[in-house]
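Let me begin by presenting the structure, written as C-alpha cells, before commenting on it.
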Amino acid sequence: MKNRARFGSMGWAFLLLVFFLAACSSTPPVAYYTLNTLPEMQQQIPAEVMDDTLAIGVGPVEFPKFLDRPQIVTRKSQNQIEVSEFHRWAGSFPGDFSRVLAKNISILLPTDRVAVYPWGEQFSPTYQIKLEVERFDGRLGEGVVLEVTWMVTDQEGTNTLLVRKSLIEEAVLDETYEALVVAESNGLATLSRTIVEELRKLAK
C-alpha cells in the first residue's frame with residue numbers, strides 16, 4: 001500500500017514537471033528593438049553648410065515615468081496603456097531618443113560637433129536643446145504620437161532663445177512591434193528636421 005501511495009505521489013510530481021516544462025517551452029522569446037536614423041536622411045543634401053564652429057548640445061531630455069522602462073509601451077485607449085514583456089528596448093528608450101536625435105541633427109546640419117547631455121568640460125555647445133517629452137507611444141496597426149516641448153538656449157544654457165511645442169503623428173503600417181518602432185523613428189526624424197530648421201534661423 002505504501003509503495004502504491006509513493007508511486008502515486010511520484011506520478012503526480014512527474015505530471016506537474018511535464019506540465020511546467022511544456023508551459024516554459026511555449027513562452028515566446030523576448031524580441032529587442034532600437035530607434036534608428038532613417039536611411040534617407042543620409043541622402044538629404046542640406047540647403048547650406050553651417051559654420052564649422054557651430055556645436056549643438058542635445059539634452060537633457062525628460063521622459064514620462066511610464067515610458068522610461070525596458071518594455072515597449074503601447075496605448076489601448078486614451079486612458080489605458082499596455083506594457084509588453086516580450087517586446088523590449090535593447091537599451092534605454094530615453095537614451096535611444098537622445099542618441100538618434102543627435103545623429104539626425106548631425107546629418108541634417110551637417111556637423112560632427114553634436115553631443116548628448118551630459119557632455120564633458122571640453123565640449124561647449126553654441127546652442128543647447130532641452131526637451132520634455134509628454135507622449136511618445138502608439139497603437140499597433142494605427143499610429144504613433146510624439147508630443148514634446150523643446151527649447152533652444154544659449155551657450156551657458158541660461159538664456160532661452162526659443163520655445164516650441166511639437167505634435168507629430170506617424171502611421172504604423174501593420175500590427176507588429178517592428179512597424180511601431182519604425183513609425184517612432186519616423187516621428188523622431190520629423191522632430192529633428194523641425195529643430196534643424198529653427199537652428200538655421202538662429203544661426204543666421
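Give all pairs with beta carbons closer than 8 Å in which a residue from region 142-171 that is of a type outside the set (A, V, I, L, M, F, W, C) meets a residue that is open to solvent by 80 Å² or more (accessible area, probe 1.4 Å) and assigned to a loop (DSSP other than H, G, I, E, B); count only pairs at least 6 apart in sequence or on separate chains.
T153/N159
Quick check on R164: is it touching a helix residue (DSSP H, G or I) at 6+ places or on another chain (Cβ under 8 Å) and either of a type in the set (D, E, K, R) or under 21 Å from I107 (Cα atoms) (or both)?
yes
Can you name every residue in region 88-115 that is part of a helix (DSSP H, G or I), over 12 Å from the mean Cα position of the chain (by Cα) and more than 23 Å from E156 (Cβ to Cβ)?
Matches in region 88-115: K103, N104, I107, L108.
Among the residues of region 116-149, how many are open to solvent by 20 Å² or more (accessible area, probe 1.4 Å) and either assigned to a strand (DSSP E or B) or touching a Lys or Arg at 6+ places or on another chain (Cβ under 6 Å) (or both)?
Adding up the residues that qualify gives 11.
Mind telling me which of the residues T37, T53 ends up being at pLDDT below 95, of a type in the set (S, T, N, Q), open to solvent by 50 Å² or more (accessible area, probe 1.4 Å) and not in a helix (DSSP H, G or I)?
T53
Looking at region 96-112 only, could you name the residues that are open to solvent by 40 Å² or more (accessible area, probe 1.4 Å) and more than 17 Å from E197 (Cα to Cα)?
R99, D112
Of the numbered conditions (1) assigned to a helix (DSSP H, G or I); (2) out of contact with any strand residue (DSSP E or B) (no Cβ under 7 Å at 6 or more places or on another chain); (3) open to solvent by 30 Å² or more (accessible area, probe 1.4 Å), N186 fails exactly one; give the number of that condition.
Unmet for N186, out of (1) assigned to a helix (DSSP H, G or I); (2) out of contact with any strand residue (DSSP E or B) (no Cβ under 7 Å at 6 or more places or on another chain); (3) open to solvent by 30 Å² or more (accessible area, probe 1.4 Å): (2).
Being over 11 Å from E62 (Cα atoms), of a type outside the set (A, V, I, L, M) and in contact with a Ser or Thr (Cβ under 7 Å, 6 or more places away or on another chain) is the filter here, so list the residues in region 128-151 that pass it.
Across region 128-151, the qualifying residues are Q128, D137, G138, R139.
If G59 meets every condition in (1) open to solvent by 20 Å² or more (accessible area, probe 1.4 Å); (2) on the phi > 0 side of the Ramachandran plot; (3) outside any loop (DSSP other than H, G, I, E, B) apart from one, which number is that one?
The number of the failed condition is (1).
The values are calculated or read from the model by the stated rules, or taken from the named source; none is laboratory data. Given the structure is predicted, the values throughout are model-derived calculations rather than measurements. So basically every Cβ, Gly included, is an ideal-geometry build from the backbone, and we count neighbours across all protein chains shown. Remember, those area values only see protein heavy atoms, side chains included, never the ligands or the DNA or RNA. Shrake-Rupley method; radii C 1.70, N 1.55, O 1.52, S 1.80 Å.
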